[in-house]
Amino acid sequence: MSITKRVAIVGNYLPRRCGIATFTHDLHAALASASPDVDVSVVAMTNPNAHYDYPTAVRYEIHDDQVADYIDAATALNKSKTDVVSLQHEYGIFGGESGGFILELLGRLRMPVVTTLHTILPNPSRSQKAVMDQIIAASSRLVVMSEKGHEFLRSVHDVPASNIDVIPHGIPDFPLRDPEFAKSKFGFSGKTVVLTFGLLSPGKGIETVIDAMPGILRSCPNAVYVVLGATHPHLVEQHGEMYREGLLARAKTLGIQNSVFFIDKFVDQPTLLDYISMCDVYVTPYLNEAQMTSGTLAYSFGLGKAVVSTPYWHAKELLAEGRGIIVPFNDAHSMSVEIAGLLTDQRRRDLIGQRAYKTSRLMTWQQTAEKYSASFEEARNADRKLILLPEDSRSIGKTKSGSARELRTDHFMSMCDDVGMLQHAVFSVADRAHGYCVDDNARALLLSTKLTRSGEQNLPDVMTARFASFIQNAWNPDNKRFRNFMSYDRRWLEDVGSEDSHGRTLWALGECARYDSQLSRRQWAADLFRTALPVVNDFSSPRAWAFTLLGLNAYCDGETVGFESQLRDQLAAKLVSMLSMTETAEWVWFEDLLAYDNARISQSLIQAGAATKNATLTEGGLRSLRWLIKLQSAPSGYFRPVGTTSFGVQRRKPGAFDQQPVEAAAMISACLSAYSYNAETEWSDAAMQAFDWFHGANDLQVEMINPTTGGCSDGLHPDRPNANEGAESVLSYLLSLVEMRSYERLMSSDRIKISGKVARRAEQRLNIQRIPTGGPIVSTPVLKSAEPIPSTGSIQGRR
């Protein structure tokens, strides 16, 4: 059995003024006191434009509207070897639609998460339910504070009862005290005191008690109503003290201004306990039932006070069986009768308070800490399986017609005609002016074979046949090379394409020869592959070698070969030799510069080494990939591919822009190849990090994909995404999506046991549209002008 040594609590924290902050503070103190050997830290949520002087318990801070902060916090928690995260969830404390930004943190954590749900809605909106369902999927255990919460988790979210812990809101272990001492301390000697405390805001029902006071005073002339608490900061920000002033005016109109006291303070716990001690009756007059938990009610109940409350969920449950008095919502007369009855009948008042106090002994913070610790241990020791998200999780911010979960080929198909796949697009419209190229048709053939290999939906066979036909027509038998560019009127614009385009085409042919669904097309691909292969001996481009190696790795896996396996050994040896000649402690790469599709070189060596059981090849591929991952990781932890502005610059830190989808695709493939070799989570984490780039975890915090069509922006400029959706971009995204989905299915079918996170995180990436990191979800890129932005020249230049 594992022993929890490090716990991190995520939530609001004092001195921020709110109920969640108080709860997180008290839970932290209780856990630290109950288990001195456990390191309990806090990740504090900070609202926009606010600054708090947090105590040392707060190790990390997340500004709720800054997605990069969620990512940074996840990275820090992973590095700190935190054993379990205790998430305090309330919709309003996290950024994004329905608080969806918290998924950016949950999706990256490597440890189990125990989530305390402070609010569970019986009728959540579509977006609220989708976010909640994903939080539930990412949590090893769920904590609720009432049986009503347990009921809603079961009925609304279909959570198994075995995954839910009911742990009541903690209370201080405070002795029963005579109210008179505290009354004298605060200047209320000789008064009977009715108290309400908490942040002041509409919905708390203070008006109802004010309206009840004239009737109370007729029965008990020395009664006073004390309202303790500052106005809610959000209310002050928007309306100042208008609400408090309105309540004062209401009391004055009723002529009871001398019997109603507003104490505009956010007090510490010792002071709060003194105020509760002085009251004779505590009242929570909330105006509707949708209150799952009330910390103010729990504290007053735990100090043995007679409580009068409206029938919101928590109060109905806690005050049942004579432990308090329930009155109808917004009913000043009933409120007046019940409060006056208690103030004039001390025996009844004391009896109710004693029942409450006796019941509350199981709610002390010491008891709460023990129950939370047990929940943490159960989360850590559970044999967690892959959690599949329900279909409704597709709904977050999506159009009705599409979702990023689905493999959408609408835009891909719109880029194809009876010749093959067109190169470029103006926005999402295929641009015939630039014609076709063998590069993109080879990638399209790769997509077709990967779909077949993965068991996904197949492309229409006629489309695969067109890509194959294009490649066949690109073959120039006179010089044994593939041509690359073709005009829209079907004229080849060159006799010989680049070495890289030749290598990429061989890669597609090797995959097709191994995995295509049609036997005759597999035979065609194998024949053309063998015919076009020998010329690679004369190539000098390391990327052409790498692309060819990838094709050889697939081809040789399905054939008894001689020359082909020899060439694979030779090309791999050339790459290893380049690495050994160029590598230094600071520069672990094959050349003195970085260009495009960099990770494919590492990928080809990893695959070749794994296939031939040559550790030198594999280690070279892993070593260079690890260096490249570090180089392409921003300080905040998200993927930042080598920008086109730094292509060809020798041994310098790469520029950030323009960023291309092909780089993310290459990194994903390489990392998944590395993971298949040694199953280290550093590779799966890096693959997911690169995949997140498409979904908003990037420098501009914008979505790169169109979830409705499956289109993908051509690149990321310093100030915006490129709004054009060309062939290379959509193919890069779709190839990545297919690979990530295949990776998840493999993990699920093999029942790989992953502690609470890696599998769930990837499943969430693939089954939901990512929450964009800063701004609303949009289905198409947003431009600053109406003019289309051309594809960057680097895209054409690399062919």
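The values are calculated or read from the model by the stated rules, or taken from the named source; none is laboratory data. Note that the structure is predicted; figures quoted are calculated from it, not measured. In this analysis, Cβ positions are derived from the backbone assuming ideal geometry, glycine residues included, and neighbour counts consider all displayed protein chains. Just the protein is used for accessible areas: all its heavy atoms, side chains included, with ligands, DNA and RNA removed. Shrake-Rupley method; radii C 1.70, N 1.55, O 1.52, S 1.80 Å.
Yes or no: segment 546-556 includes at least one residue that is assigned to a helix (DSSP H, G or I), over 18 Å from Ser604 (Cα atoms) and open to solvent by less than 20 Å² (accessible area, probe 1.4 Å). No, segment 546-556 contains no residue that is assigned to a helix (DSSP H, G or I), over 18 Å from Ser604 (Cα atoms) and open to solvent by less than 20 Å² (accessible area, probe 1.4 Å).
Residues are listed down the side, and each one gets a yes or a no for (1) within 30 Å of Arg218 (Cβ to Cβ); (2) part of a helix (DSSP H, G or I); (3) at pLDDT below 95:
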site: Tyr243; (1), (2), (3): yes, yes, yes
site: Phe261; (1), (2), (3): yes, no, no
site: Phe266; (1), (2), (3): no, no, yes
site: Leu273; (1), (2), (3): no, yes, yes
site: Tyr282; (1), (2), (3): yes, no, no
site: Tyr286; (1), (2), (3): yes, no, yes
site: Ala290; (1), (2), (3): no, no, yes
site: Thr293; (1), (2), (3): no, no, yes
site: Thr296; (1), (2), (3): yes, yes, yes
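The set of residues in segment 53-100 that are part of a helix (DSSP H, G or I), out of contact with any His (no Cβ under 9 Å at 6 or more places or on another chain) and more than 28 Å from Thr368 (Cα to Cα) comprises Val67, Ala68, Ile71, Asp72, Thr75, Lys79, Glu97, Ser98. Of the residues making up segment 158-171, one or more are within 20 Å of Gln366 (Cα to Cα), touching a residue at least 24 places away in the same chain (Cβ under 8 Å), among the hydrophobic types (A, V, I, L, M, F, W, C) and open to solvent by less than 50 Å² (accessible area, probe 1.4 Å).
Restricted to segment 637-651, and to residues there that are among the polar types (S, T, N, Q) and open to solvent by 30 Å² or more (accessible area, probe 1.4 Å), the residue that is nearest to Leu594 (Cα to Cα) is Gln650. Of the residues making up segment 334-372, those that are more than 48 Å from the chain's Cα centre (by Cα), polar (S, T, N, Q) and either open to solvent by less than 50 Å² (accessible area, probe 1.4 Å) or over 24 Å from Ala223 (Cα atoms) (or both) number 1.
Specify which of the listed residues (Ala320, Ala298) is out of contact with any Lys or Arg (no Cβ under 7 Å at 6 or more places or on another chain), open to solvent by 10 Å² or more (accessible area, probe 1.4 Å) and of a type in the set (A, V, I, L, M). Steps first, answer last, please.
Numbers: Ala298 fails: open to solvent by 10 Å² or more (accessible area, probe 1.4 Å).
After applying the criteria, what remains is Ala320.
Tallying residues that are surrounded by 17 or more Cβ atoms within 10 Å (Cβ to Cβ) and of a type in the set (Ser, Thr, Tyr) within segment 563-611 yields 3. As a summary of the residue check, Val236 satisfies the conditions (1) closer than 18 Å to Ile325 by Cβ; (2) part of a helix (DSSP H, G or I); (3) aliphatic (A, V, I, L, M); (4) within 36 Å of the chain's Cα centre (by Cα) except for the one numbered (1).
Residues in segment 594-623 that are modelled with pLDDT of 95 or more and hydroxyl-bearing (Ser, Thr, Tyr) were compared, and the one that is farthest from Gly551 (Cα to Cα) is Thr616.
Could we say that Gly774 is open to solvent by 20 Å² or more (accessible area, probe 1.4 Å), modelled with pLDDT under 95 and on the phi > 0 side of the Ramachandran plot here? It would help to see each step written out before you state the result.
On the way: open to solvent by 20 Å² or more (accessible area, probe 1.4 Å): yes; modelled with pLDDT under 95: yes; on the phi > 0 side of the Ramachandran plot: yes.
Answer is yes for this residue.
Could you tell me whether Ala74 is more than 30 Å from Thr364 (Cβ to Cβ), open to solvent by less than 30 Å² (accessible area, probe 1.4 Å), out of contact with any Pro (no Cβ under 9 Å at 6 or more places or on another chain) and at pLDDT 90 or above?
Working: more than 30 Å from Thr364 (Cβ to Cβ): yes; open to solvent by less than 30 Å² (accessible area, probe 1.4 Å): yes; out of contact with any Pro (no Cβ under 9 Å at 6 or more places or on another chain): yes; at pLDDT 90 or above: yes.
Yes; evaluated as a whole, the condition is true for this residue.
Among the residues of segment 463-491, write down those that are under 39 Å from the mean Cα position of the chain (by Cα) and of a type in the set (A, V, I, L, M).
Initial filter on segment 463-491 (under 39 Å from the mean Cα position of the chain (by Cα)): 463-464, 467.
Passing the criteria: only Met463.
Of the residues Asp39, Asp64, the single one that is more than 17 Å from Thr115 (Cα to Cα) and open to solvent by 20 Å² or more (accessible area, probe 1.4 Å) is Asp39.
Looking at segment 655-668, is at least one residue more than 28 Å from Asp69 (Cβ to Cβ) and at pLDDT 95 or above? Scanning segment 655-668 turns up at least one residue that is more than 28 Å from Asp69 (Cβ to Cβ) and at pLDDT 95 or above.
So which of Trp524, Trp475 is within 27 Å of Asp597 (Cα to Cα), of a type in the set (Phe, Trp, Tyr) and out of contact with any Asp or Glu (no Cβ under 8 Å at 6 or more places or on another chain)? Reasoning before the result, please.
Working: Trp524 fails: within 27 Å of Asp597 (Cα to Cα).
The match here is Trp475.
For segment 323-333, a residue qualifies if it is under 12 Å from Val209 (Cβ atoms) and either open to solvent by less than 20 Å² (accessible area, probe 1.4 Å) or at pLDDT below 95 (or both), and the qualifying residues are Val327, Asn330. Scanning segment 179-195 for residues that are open to solvent by less than 20 Å² (accessible area, probe 1.4 Å) and in contact with a Ser or Thr (Cβ under 7 Å, 6 or more places away or on another chain) yields Ala182, Lys183. Note on segment 13-35: residues that are among the aliphatic types (A, V, I, L, M), in contact with a Ser or Thr (Cβ under 9 Å, 6 or more places away or on another chain), in a helix (DSSP H, G or I) and open to solvent by 30 Å² or more (accessible area, probe 1.4 Å) amount to 1. The number of residues in segment 455-485 being in contact (Cβ under 8 Å) with a residue 60 or more places away in the chain and either in contact with a Pro (Cβ under 9 Å, 6 or more places away or on another chain) or open to solvent by less than 30 Å² (accessible area, probe 1.4 Å) (or both) comes to 2. Residues that are part of a loop (DSSP other than H, G, I, E, B) and surrounded by 19 or more Cβ atoms within 10 Å (Cβ to Cβ) were ranked within segment 203-225; the one that is nearest to the chain's Cα centre (by Cα) is Lys204.
Looking at Glu619, is it at negative phi, part of a loop (DSSP other than H, G, I, E, B) and not hydrophobic (A, V, I, L, M, F, W, C)? Lay out the reasoning, then the answer.
Numbers: at negative phi: yes; part of a loop (DSSP other than H, G, I, E, B): no; not hydrophobic (A, V, I, L, M, F, W, C): yes.
Here the answer is no, as Glu619 does not meet what is asked.
Quick one: is Asn706 among the polar types (S, T, N, Q) and in contact with a Leu (Cβ under 9 Å, 6 or more places away or on another chain)? No. Screening segment 669-713 for residues that are at pLDDT 95 or above and open to solvent by 10 Å² or more (accessible area, probe 1.4 Å) and picking the one that is nearest to Arg110 (Cα to Cα) gives Leu672.
A quick yes/no check of all residues on (1) polar (S, T, N, Q); (2) in contact (Cβ under 8 Å) with a residue 24 or more places away in the chain; (3) assigned to a strand (DSSP E or B); (4) at negative phi:
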residue: Thr116; (1), (2), (3), (4): yes, yes, yes, yes
residue: Thr119; (1), (2), (3), (4): yes, yes, no, yes
residue: Pro124; (1), (2), (3), (4): no, yes, no, yes
residue: Ser127; (1), (2), (3), (4): yes, yes, no, yes
residue: Val143; (1), (2), (3), (4): no, yes, yes, yes
residue: Val156; (1), (2), (3), (4): no, yes, no, yes
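Going by what's in this entry, would Ala315 be described as in contact (Cβ under 8 Å) with a residue 12 or more places away in the chain and either touching a strand residue (DSSP E or B) at 6+ places or on another chain (Cβ under 6 Å) or polar (S, T, N, Q) (or both)? So Ala315 fits the description; yes.
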